[in-house]
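The values are calculated or read from the model by the stated rules, or taken from the named source; none is laboratory data. Not measured: the values here are computed from a predicted model. Counting neighbours? That spans all protein chains shown, and the Cβs are built from the backbone with ideal geometry, glycine included.
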Amino acid sequence: MKNKKYIQGLGIMVMLLFLTSCQDWLDIEEPDHKLVSSEVFDTEETAKAAMQGIYNQLYQAGFSAGWLGSTTVLGGLSSDNLELINTTTLDLLQFQQHNLQPDNPYNETLWGSAYNMIYMVNSLLDGLENSTKITPEIAQRLEGEAKFVRAFTYFYLQNLYGEVPLVLTTDYEHNATIEVSSTTAIEEQILADLVVATSQLGGSYLTGERTQINAYTAKALLARVHLYLENWELAEQYSAEVIAASGTYSLSTDLNEVFLANSQEAIWQLSPLGAGTTTTHTNEGSVFIINPILPSLSYVKLSEGLLNSMEAQDLRKINWIGYHEGLGVHHAYKYKIQNATGEAAEYSMVLRLAEQYLIRSEARIRQNNLTGGIADLDHIKARAGLPLLSVSNPGISQEALLEELFIERRKELFTEWGHRWLDLKRTDRAQGALAPASPDWEATDIKYPIPAEELLSNPNLYQNPGY
């Protein structure tokens, strides 16, 4: 692994505390710049601050920030949901045209920021293990939160790149030459970390903010992971447990409230306060809304294919899609605020209840429980103002119902965490959906290339096929 650029040894923990000191989440004094790793875990407050620093960094890290180099934007360009407004942005155009080069800087940042996050998590876990000053209750909760973040990060690394190094320590010499792990080994580690998170975290948000991970956050990701693994019963089980927590989560009846800070639909969000600046708008609002004064500063638009998939009366089309007359393009409008200071009105959504209904619907359909699958899908359709399948087509076949589900996933989850890209990959539909409009499409494009710098730094890594 190339760690000189992304890993700064002991200084990482100091940086985490510094990031936290810029925020109002914890009332602790700014840490001394000479703070050593052991002192980070001398008190419960500083240990909690280190975990808050990880949350803050998630809002800034390339793969998770929601900005141009994020999974959200790059995955959207790789699928058929997003297109560039200006095709002279060549590094981004490579994602859209499926002509991605290993030295692409966005690809390098995607990979590097994810492994930087994993190193931070491993540093925190090391500190917790070696500390004698933290109560078991607090230590277990912090361990659960940290392991969730590691599982979450590896979920994206594996689904974007395939077999990748499984880094579980902070040993630089070991990590510098680590080999890739099998898909099975990575999946097992993701599941193991999430099981720890579910068992060690409670179901409440202790701070009152849905920016903190709880047991339901872990169950929501477990539901998605098992869906991807085609463990239909477990996918149904975990999504059902989240849906059943009706006292905590519910589908927002007003689509314009879904992405507000701490909305009832939010299972996990990232706060823009994590940026440590005076701005309080989300990165998604900044990148997707076309700049009304300087539209040339905007990069992406929604594809005609996505727009055409949505009926005129679909409330998502009405409320979640905007139009810029000057450029004549449509843009995502899930987030309504492009620039703001003061109190943060919107948080970046990571996991939300609507996806859990879609997961359970698919899991039920795959098990031939078509009635149950229709019922879950109708929750999403009802909110969108569309005819219910239970009324319009209750005798729909399993194959047709699955296709209906995939269409609803596209319409519901566009511009969120690359869902469309990952859906096309996991269901083997990428070739059919993308090849007709992409002359450079090859079957091997379903995986991103291992960054060129990583291959130069670590002789035990090998490039993905096709690159």
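Quick notes on this structure:
- Residues being over 18 Å from Val225 (Cβ atoms), surrounded by fewer than 19 Cβ atoms within 10 Å (Cβ to Cβ) and of a type outside the set (Val, Ile, Thr) - total across the stretch 179-214: 8
Yes/no per residue for (1) of a type in the set (Ser, Thr, Tyr); (2) in contact with a Cys (Cβ under 7 Å, 6 or more places away or on another chain); (3) more than 26 Å from Trp421 (Cβ to Cβ):
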| residue | (1), (2), (3) |
| --- | --- |
| Ser250 | yes, no, yes |
| Leu255 | no, no, no |
| Phe259 | no, no, no |
| Trp268 | no, no, no |
| Ser271 | yes, no, no |
| Thr277 | yes, no, yes |
| Thr280 | yes, no, yes |
| Glu284 | no, no, no |
| Asn291 | no, no, no |
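- When restricted to residues that are within 29 Å of Pro465 (Cα to Cα) and crowded, with 19+ Cβ neighbours inside 10 Å, the stretch 164-177 contains 5.
- If the condition is being surrounded by 16 or more Cβ atoms within 10 Å (Cβ to Cβ) and of a type in the set (S, T, N, Q), then the stretch 414-449 contributes Thr415, Ser438.
- Subset of the stretch 246-273 [of a type in the set (D, E, K, R), part of a loop (DSSP other than H, G, I, E, B) and without any contact (Cβ under 8 Å) to a residue 24 or more places away in the chain]: Asp254
- Taking the stretch 437-467 as the range and being more than 23 Å from the chain's Cα centre (by Cα), closer than 17 Å to Trp111 by Cβ and hydroxyl-bearing (Ser, Thr, Tyr) as the test, the residues that pass are Ser457, Tyr462, Tyr467.
- Of the helices (runs of 4 or more DSSP H) lying entirely inside the stretch 74-166, those carrying at least 3 residues that are within 17 Å of the chain's Cα centre (by Cα), within 25 Å of Asp440 (Cβ to Cβ) and of a type outside the set (S, T, N, Q) are 105-130, 136-161.
- Pairs linking a residue in the stretch 211-232 that is farther than 12 Å from Arg360 by Cα to a residue that is in a helix (DSSP H, G or I) and of a type in the set (Gly, Ala, Ser), with Cβ atoms under 6 Å and 6 or more positions apart or on different chains, are Ala218/Ala197.
- Residues satisfying the stated conditions in the stretch 312-356, i.e. over 15 Å from Ala384 (Cα atoms), surrounded by fewer than 17 Cβ atoms within 10 Å (Cβ to Cβ) and of a type in the set (Val, Ile, Thr): Thr341
- Leu82 vs. criteria in contact with a strand residue (DSSP E or B) (Cβ under 8 Å, 6 or more places away or on another chain), in contact (Cβ under 8 Å) with a residue 24 or more places away in the chain and either crowded, with 23+ Cβ neighbours inside 10 Å or closer than 30 Å to Leu327 by Cα (or both): yes
- All of (1) touching a Ser or Thr at 6+ places or on another chain (Cβ under 9 Å); (2) not in a helix (DSSP H, G or I) hold for Glu311 with one exception: (1).
- Count - residues of the stretch 274-290 that are under 22 Å from Asp314 (Cβ atoms) and either outside any helix (DSSP H, G or I) or over 17 Å from the mean Cα position of the chain (by Cα) (or both): 2
- Every pair of residues 6+ apart whose Cβ atoms lie under 9 Å, when the first sits in the stretch 121-134 and is free of Cβ contacts under 8 Å to residues at least 40 places away in the same chain and closer than 15 Å to Val149 by Cα while the second is small (Gly, Ala, Ser) and assigned to a helix (DSSP H, G or I): Leu125/Ala146
- Exclusive hit being without any contact (Cβ under 8 Å) to a residue 40 or more places away in the chain and in contact with a helix residue (DSSP H, G or I) (Cβ under 9 Å, 6 or more places away or on another chain), set Gln356, Gln338, Gln367, Gln431: Gln431
- In this structure, Thr217 does not qualify as part of a loop (DSSP other than H, G, I, E, B), in contact with a Leu (Cβ under 7 Å, 6 or more places away or on another chain) and crowded, with 18+ Cβ neighbours inside 10 Å.
- Some residue of the stretch 419-428 being of a type in the set (Ser, Thr, Tyr), part of a loop (DSSP other than H, G, I, E, B) and at pLDDT below 95: no
- Among (1) out of contact with any helix residue (DSSP H, G or I) (no Cβ under 7 Å at 6 or more places or on another chain); (2) over 30 Å from Trp232 (Cα atoms); (3) buried (at least 17 other Cβ atoms within 10 Å of the Cβ); (4) among the hydrophobic types (A, V, I, L, M, F, W, C), the one test that Leu307 misses: (3)
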